[in-house]
Amino acid sequence: MVKQANSQFQPHQIVYLEHGSCRLYCEVIQVISSRQRCWVRPWLLAIASPEEPETIYNLHESADLVWYAREFCLAVDAELIPLLTRLNTCDRDIHQTRQQLNYFLNQLWRETSVPKKLSC
């Protein structure tokens with residue numbers, strides 16, 4: 001299914017940004033319609049790997065984020081709930097968590113200037 005450019009999110013919905021095999025799950029705080037942005041609070045970063053189990057980083061202590069609304073997809077409960085149950089068992093290395101989040105956002109930022117077809 002292709003995400004509509006005009007789709008509107010509501011506060012407290014869980015959305016994600018995707019880049020490659022990584023997904024950043026966030027809670028919507030506010031939609032800034034005039035700027036076509038979403039103010040979100042990161043929850044977790046999930047990095048899939050064919051060789052290893054999915055790595056999860058707990059982002060509850062990270063800063064809020066404002067990003068292009070068109071880049072977000074609505075998260076499905078069935079995929080999110082198993083990840084949330086693993087949050088308490090994931091490594092709490094703040095330095096590594098911030099490093100992974102910064103790397104993910106830098107990679108995503110580089111792609112935002114390239115038009116692409118989003119699928120959610």
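What follows is calculated from the coordinates using simple rules that are stated; it is not laboratory data. Just so you know, these numbers come straight off a predicted model, no measurement behind them. Quick reminder, even Gly has a Cβ in these numbers, built from the backbone with ideal geometry, and neighbours come from all protein chains shown.
The table that follows gives values for the structure above.
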{"quantity": "In segment 49-91, the residues that are small (Gly, Ala, Ser) and exposed (fewer than 14 other Cβ atoms within 10 Å of the Cβ)", "calculated": "SER49, ALA63, ALA78"}
{"quantity": "Verdict on TYR103 being surrounded by fewer than 18 Cβ atoms within 10 Å (Cβ to Cβ), within 15 Å of GLY20 (Cβ to Cβ) and of a type outside the set (S, T, N, Q)", "calculated": "yes"}
{"quantity": "Scan of segment 32-59 for residues that are among the hydroxyl-bearing types (Ser, Thr, Tyr) and either in contact with a Phe, Trp or Tyr (Cβ under 8 Å, 6 or more places away or on another chain) or more than 19 Å from ASP93 (Cα to Cα) (or both), ordered by number", "calculated": "SER33, SER34, SER49"}
{"quantity": "Restricting segment 13-48 to residues that are in contact with a strand residue (DSSP E or B) (Cβ under 7 Å, 6 or more places away or on another chain) and of a type in the set (Gly, Ala, Ser), the residue that is surrounded by the fewest Cβ atoms within 10 Å (Cβ to Cβ)", "calculated": "SER21"}
